[in-house]
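**Student:** Before we start, here is the structure in question, set down as structure tokens.
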Amino acid sequence: MSKKRREKTIITASITGAIHTPSMSPYLPKGKDEIIQNAVDAWKAGAAIVHIHARKPVTGEPTSDLDYFREILNGIKEQCNVVIGITTGGALGMTVEERFAVLSEFQPEMATCNAGTSNFVLSELTKTFDKPQFDWEEPFLLRTYDSFFKNTFADIEHALTLMNEHRIRPEFEVFDLGQINTVAYFRRKGLVKDPIYIQFVPGTLGGIPLSNDNITFMIKTAQQLLGSDIRYSLVGSGRRMFRAETFHVLQGGNVRVGMEDSLYINIQGELARNNAEQVTKIKSILELLDYEIASSDEAREMLQLKGVDKVNF
Ligand code: KMH
Ligand code: ZN
């Protein structure tokens with residue numbers, strides 16, 4: 001009996017996100033130049049996709065300013081052909097309108113579609129530094145204790161409608177098991193087209209915990225509800241990132257590393273100096289295990305992306 005050959009593995013790098021703040025690591029990319037450099041270097045190290053949020057220079061405060069976002073996207077595109085996936089999650093505190101504006105404005109090849117409303121508590125992170133470097137950091141983190149990450153069914157329908165209109169492949173960010181059911185609902189409704197790409201995000205405070213059992217459970221549930229031909233990747237947040245990614249890849253997964261998800265290069269808690277360092281490490285682990293790494297163009301083929309010549313930036 002012939003065994004289906006395993007596809008190449010996609011490495012995504014989540015360059016800076018909107019969770020960590022500059023007081024947690026001096027290496028967190030802030031401002032367009034650092035974000036562009038980290039993205040290009042992550043691609044050189046082996047990332048097929050970069051997941052992009054925008055942050056202001058110097059203070060590193062997350063921003064939804066479209067002109068500034070455009071400079072980041074163009075800066076990356078000018079230097080390499082990496083697949084750019086843009087956040088629609090933005091930062092906690094932004095309105096849905098601010099977050100989704102990137103879809104029509106830039107019409108990227110990929111964008112996140114957050115698969116449900118959740119508590120997304122970052123206030124505990126204030127304990128990881130003594131004194132904040134910038135005024136915005138503590139209030140930004142603390143207000144998440146009494147707010148939520150809004151992604152209602154109406155919001156998801158709106159995001160998917162825009163993504164279908166502009167041929168943007170959604171990367172479903174799934175923070176809890178029930179959100180897989182939500183993706184299945186929108187597929188039944190005809191708004192989700194194959195191939196389906198899921199980014200499991202266990203480990204947020206308010207979502208499903210990160211554990212090996214839960215990783216397996218999420219994969220199995222997604223395959224039951226959405227079919228065995230789905231593709232999936234994992235955000236393995238914090239110091240355990242490389243072990244969680246390795247466990248996930250053994251179950252057919254793709255990988256995501258990056259300083260949005262973990263500031264560290266090892267389980268001992270040594271800080272990563274840039275995203276490329278994390279990409280290089282996961283690529284070595286994958287190659288030691290004889291997995292083949294997908295290039296950006298191979299990821300485009302696997303995920304049936306429209307191509308870099310069809311984006312609006
Ligand atoms: N910024 C977080 C609230 C996304 O990129 O779409 C969630 C997030 C998801 O980063
Ligand atoms: Zn993100």
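**Student:** So is Glu7 within 16 Å of ligand 2 (Cβ to nearest atom), surrounded by fewer than 21 Cβ atoms within 10 Å (Cβ to Cβ) and touching a residue at least 40 places away in the same chain (Cβ under 8 Å) or not?
**Tutor:** Against the criterion (within 16 Å of ligand 2 (Cβ to nearest atom), surrounded by fewer than 21 Cβ atoms within 10 Å (Cβ to Cβ) and touching a residue at least 40 places away in the same chain (Cβ under 8 Å)), Glu7 does not qualify.
**Student:** Could you please find all residues in region 97-106 being buried (at least 17 other Cβ atoms within 10 Å of the Cβ) and either under 12 Å from Asn151 (Cα atoms) or of a type in the set (A, V, I, L, M) (or both)?
**Tutor:** Correct list: Arg99, Phe100, Ala101, Val102, Leu103.
**Student:** May I pose another question? Can you name every residue in region 35-77 that is of a type in the set (Ser, Thr, Tyr) and within 16 Å of ligand 2 (Cβ to nearest atom)?
**Tutor:** Of everything in region 35-77, those that are of a type in the set (Ser, Thr, Tyr) and within 16 Å of ligand 2 (Cβ to nearest atom) turn out to be Thr63, Ser64.
**Student:** In region 122-136, what count of residues is obtained for those that are in contact with a helix residue (DSSP H, G or I) (Cβ under 6 Å, 6 or more places away or on another chain) and either within 15 Å of ligand 1 (Cβ to nearest atom) or closer than 18 Å to Met94 by Cα (or both)?
**Tutor:** 3
**Student:** Then there's this: Enumerate the pairs (first residue in region 75-96 and on the phi < 0 side of the Ramachandran plot; second residue anywhere and within 9 Å of ligand 1 (Cβ to nearest atom) and assigned to a helix (DSSP H, G or I)) with beta-carbon separation below 6 Å, excluding pairs fewer than 6 apart on the same chain, so at least 6 apart or on different chains.
**Tutor:** Thr88/Arg99; Leu92/Thr144
**Student:** Something else: Considering only residues of region 33-77 that are among the basic types (Lys, Arg) and more than 18 Å from the chain's Cα centre (by Cα), which is farthest from ligand 1 (Cβ to nearest atom)?
**Tutor:** Here the residue is Lys44.
**Student:** If I ask for residues that are surrounded by fewer than 16 Cβ atoms within 10 Å (Cβ to Cβ) and at positive phi, which ones from region 48-74 would you list?
**Tutor:** Hit for region 48-74 is Val58, nothing else.
**Student:** Take region 137-149 and flag every residue that is in contact with a helix residue (DSSP H, G or I) (Cβ under 7 Å, 6 or more places away or on another chain) and among the aromatic types (Phe, Trp, Tyr).
**Tutor:** Matches in region 137-149: Tyr145 only.
**Student:** How many residues are aromatic (Phe, Trp, Tyr) and surrounded by fewer than 16 Cβ atoms within 10 Å (Cβ to Cβ) if we restrict to region 145-180?
**Tutor:** Here the count works out to 3.
**Student:** What residue, of Lys77, Lys32, Lys44, is of a type in the set (Lys, Arg) and touching an Asp or Glu at 6+ places or on another chain (Cβ under 7 Å)?
**Tutor:** Selected residue: Lys32, the only one of Lys77, Lys32, Lys44 that is of a type in the set (Lys, Arg) and touching an Asp or Glu at 6+ places or on another chain (Cβ under 7 Å).
Read-outs throughout are calculated quantities, based only on the coordinates presented, and are distinct from any laboratory measurement. Because the structure is a prediction, the values reported are computed rather than measured. Positions of Cβ are backbone-derived with ideal geometry, glycine not excepted, and every protein chain shown enters the neighbour counts.
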